[in-house]
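Reading through the structure tokens given below for one structure.
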Amino acid sequence: MKKIAIINGHPNTDSFNSGLAKAYKEGALEAGTEVKEITIAELDFDPILHFGYQKRMDLEPDLLKAWEMIQWADHFVWLHPVWWGGMPALMKGFLDRLFLPGFAYQYRENSVWWDKLLKGKTAHIITTLDQPGWYYRLFYGRPSINQLKKSTLEFCGIRPVKVTYVGIIRNSTEMQRDKWLQKIKELGRKQK
């Protein structure tokens, strides 16, 4: 049985991203999958890596629990809106504080290479946009996806990483949002 961790990176717990997370979870549970959730906005932690990597900051209890879920899961579903081409600052702070050397990856001594400590896990990024997904890819080069998929998840060994764009959110109707919720619920059923 697949173990899925749904990670909601929207700082507003009443956002459409939360609705998408709920829809995915419902579909996954209907398929008999084990699901745990991390709602970053509900965690109590300092999102600033104050010393960079020069000095290790102690992880708050909520980050320790989140890390246990990340170790537990086989598959991750990351949900976030695209703001200014990237992910929300709170989500970036979550990654900065938690995906640390010795946790998610480890540089090799006297080498430019590193060990990917999260190998064997897969992920799916579901991101909401106020522009068409094709426009975000073609004209902006999809910076939030490159950052999360390539520079973080794949860097740590997580692959494959699939991507689903949901939008245009700003001008969407209730009927369109219902269709998106059903689409994401179906992704949960298929455990993708």
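Between the stretch 74-141 and the stretch 20-43, what's the alpha-carbon centroid distance in Å?
19 Å
In terms of solvent-accessible area of protein heavy atoms at a 1.4 angstrom probe, what is the ranking of R177, R108, R142, highest value first?
Heavy-atom accessible area, descending, gives R108, R177, R142.
Considering the options N17, F76, I158, tell which one lies farthest towards the positive end of the dipole of the stretch 3-190, charges being +1 on Lys and Arg and -1 on Asp and Glu at the Cβ, about the Cα centre.
Result: I158.
Reported to two decimal places, what Rg/Rh ratio describes the chain when computed on Cα atoms with Rh from the Kirkwood expression?
On the Cα set of the chain, Rg over Rh gives 0.96.
Do the alpha carbons of any pairs in K150/K185; K55/K162; K65/K185; K25/K55 sit beyond 32 Å of each other, and which pairs? Before the final figure, lay out each step's value.
On the way: K150/K185 26 Å; K55/K162 34 Å; K65/K185 26 Å; K25/K55 37 Å.
Check vs 32 Å cut-off fails for K55/K162; K25/K55.
Suppose only helical runs count, i.e. DSSP H with n ≥ 4. What mean residue ellipticity at 222 nm does that imply for the chain under -39500 (n - 2.57) per run, divided by all residues and rounded to the nearest 500 deg cm²/dmol?
Working: 5 runs with 61 residues, N = 192.
Calculated mean residue ellipticity at 222 nm is -10000 deg cm²/dmol.
Starting from the residue with the highest accessible area, list S172, S111 in decreasing order, probe 1.4 Å.
S111, S172
Restricting to bridges with both residues inside the chain, how much of the DSSP beta-bridge set is antiparallel, in percent to the nearest 5?
15 percent
Report ³J(HN,Hα) in whole Hz for each residue of the stretch 42-48, in order, from the Karplus equation J = 6.51 cos²θ - 1.76 cosθ + 1.60 where θ = phi - 60°; Gly and Pro get x.
In residue order, the calculated couplings are 8, 7, 9, 7, 8, x, 9 Hz.
With the full set of protein chains in place, find how many percent of the accessible area of the chain is carbon and sulfur; take the probe as 1.4 Å.
51 percent
Which residues' amide hydrogens lie under 5 Å from the amide hydrogen of K162, considering only partners 5 or more residues apart or on another chain, with H built in the peptide plane?
Residues meeting the amide H criterion: A123, H124, I125.
The values are calculated or read from the model by the stated rules, or taken from the named source; none is laboratory data. It should be emphasised that the depicted structure is a prediction, and the values quoted were computed from it without experimental measurement. Quick reminder, even Gly has a Cβ in these numbers, built from the backbone with ideal geometry, and neighbours come from all protein chains shown. Heavy atoms of the whole protein, side chains included, go into the accessibility calculation; ligands, DNA and RNA do not. Shrake-Rupley method; radii C 1.70, N 1.55, O 1.52, S 1.80 Å.
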